[in-house]
Amino acid sequence: MAANSRPVIKGKAAYFTAVEDAQERLPYWARSTNPIVRRHLGLYWRTVPPEIEPYYWIFGAWAGIIGLGIFIPPLFSLTMISYLAAIMILPFALLLYGHVLVTIAVDSARAMQQEFANNTFELLQATPMSLPQIFLGKVAAAFWRRMDDVVMIAQLTLAFTPPIAFTIYTNLWPLSDGFSLVAPIMTLLAAIVATLRIFLEPLMIGVLSVFIGTVVPGRGRAISSAVVVGGFYFLLINLLSRLPAVRGYSTPEGDVPANLLLVILTDLVLPLAIPLLVIFGLLKLSQVLLAQD
């Protein structure tokens with residue numbers, strides 16, 4: 001009996017060690033065991049960090065299909081078959097993603113407003129953590145509450161973005177015009193960028209909401225302002241990539257082709273650069289404003 005129970009104990013120890021290792025890989029402010037995060041999470045602090053391996057497998061499968069398709073073009077037909085599934089599944093994932101973003105914005109702004117309403121923010125400043133770590137801890141708490149949804153959306157995005165991206169980029173860089181490598185590479189890069197955005201944009205929205213919760217008095221006004229400003233960002237970033245100067249347009253004299261450099265900039269660079277700049281900028285600005293107070 002003792003011999004049979006030994007592997008079970010080892011298995012449990014290995015499981016909990018893996019979870020603890022996953023927590024240790026995260027920044028301190030992002031861990032669910034962080035006291036500030038755990039204070040807001042309640043029972044949600046037991047949420048397991050996302051596994052990285054599924055993303056490797058999904059991306060590896062698409063990289064293999066697209067890579068072989070360069071030498072065996074009929075394999076590209078698999079992307080067209082998946083395209084039909086993508087246009088049906090991604091809209092539902094997008095709706096869920098919007099709900100997740102709104103929830104994170106509301107929870108982050110509310111958490112910051114509660115500190116000022118309860119006069120407990122000065123106590124947080126007395127902890128060893130810096131102001132940016134405190135702000136990010138508030139965001140992490142809201143993020144952890146929707147972690148399961150975020151992980152599912154990210155996996156769906158990585159799985160179903162390549163068919164749509166391949167269709168778009170083969171129109172810009174046709175495979176038959178000597179651009180046999182450009183469209184496949186752009187497709188894989190677009191899948192990576194889209195997946196990273198699923199984790200980066202909620203963080204940006206959370207930081208924006210914490211900042212608004214700091215400078216805008218009143219819980220209702222802070223929450224509504226965070227939702228409106230966040231919605232304006234997504235409207236702007238999506239309209240920017242669809243501008244005629246980027247995607248091309250038609251005139252009576254003929255068609256104006258897409259500006260391929262701007263396509264790369266708006267599809268691959270700005271969606272990652274803008275959230276990072278907003279996060280660092282708002283954290284710094286919040287720190288300066290609170291230091292003046």
When the residues of region 221-251 are filtered to those that are of a type in the set (Gly, Ala, Ser) and more than 26 Å from the chain's Cα centre (by Cα), which remaining residue is surrounded by the most Cβ atoms within 10 Å (Cβ to Cβ)? 248
Tell me the helices (runs of 4 or more DSSP H) entirely within region 187-293 that contain at least 1 residues that are in contact with a Leu (Cβ under 7 Å, 6 or more places away or on another chain) and within 17 Å of residue 112 (Cβ to Cβ). 219-241, 270-292
Show me the helices (runs of 4 or more DSSP H) found entirely inside region 40-141 where at least 2 residues are free of Cβ contacts under 8 Å to residues at least 60 places away in the same chain and closer than 30 Å to residue 283 by Cα. 77-117, 121-125
Restricting to region 44-63, what's the tally of residues that are surrounded by 11 or more Cβ atoms within 10 Å (Cβ to Cβ) and either at pLDDT below 90 or touching a strand residue (DSSP E or B) at 6+ places or on another chain (Cβ under 8 Å) (or both)? 8
Suppose the filter is farther than 30 Å from residue 141 by Cα, more than 23 Å from the chain's Cα centre (by Cα) and not charged (D, E, K, R); does residue 254 pass it? yes
Does residue 101 count as surrounded by 16 or more Cβ atoms within 10 Å (Cβ to Cβ), among the aliphatic types (A, V, I, L, M) and at pLDDT 90 or above? yes
Extreme residue, farthest from the chain's Cα centre (by Cα), among residues of region 179-206 that are of a type in the set (S, T, N, Q) and buried (at least 18 other Cβ atoms within 10 Å of the Cβ): 187
Do the conditions hold for residue 239, that is, is it under 29 Å from residue 30 (Cβ atoms) and among the hydrophobic types (A, V, I, L, M, F, W, C)? no
Select, from 183, 165, the only residue that is over 21 Å from residue 276 (Cβ atoms), in contact with a Ser or Thr (Cβ under 6 Å, 6 or more places away or on another chain), modelled with pLDDT under 90 and part of a helix (DSSP H, G or I). 183
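One line per residue, one yes/no per condition, for (1) in contact with a helix residue (DSSP H, G or I) (Cβ under 6 Å, 6 or more places away or on another chain); (2) farther than 30 Å from residue 60 by Cβ:
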position	(1), (2)
159	yes, no
162	yes, no
172	no, no
182	no, no
185	no, no
212	yes, yes
227	yes, yes
251	no, yes
Identify all residues within region 135-172 that are buried (at least 21 other Cβ atoms within 10 Å of the Cβ) and more than 20 Å from residue 93 (Cα to Cα); write none if there are none. 135, 136, 137, 138, 139, 140, 141, 169
Does residue 84 meet the test of being more than 21 Å from residue 180 (Cβ to Cβ), modelled with pLDDT under 85 and exposed (fewer than 11 other Cβ atoms within 10 Å of the Cβ)? yes
Go through (1) over 22 Å from residue 141 (Cα atoms); (2) at pLDDT 90 or above one by one and return the number of the condition residue 197 breaks. (1)
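The values are calculated or read from the model by the stated rules, or taken from the named source; none is laboratory data. Predicted model only: the values in this text are computed from it and were never measured. As a convention, Cβ positions derive from the backbone with ideal geometry for all residues, glycine included, and neighbour counts pool all protein chains shown.
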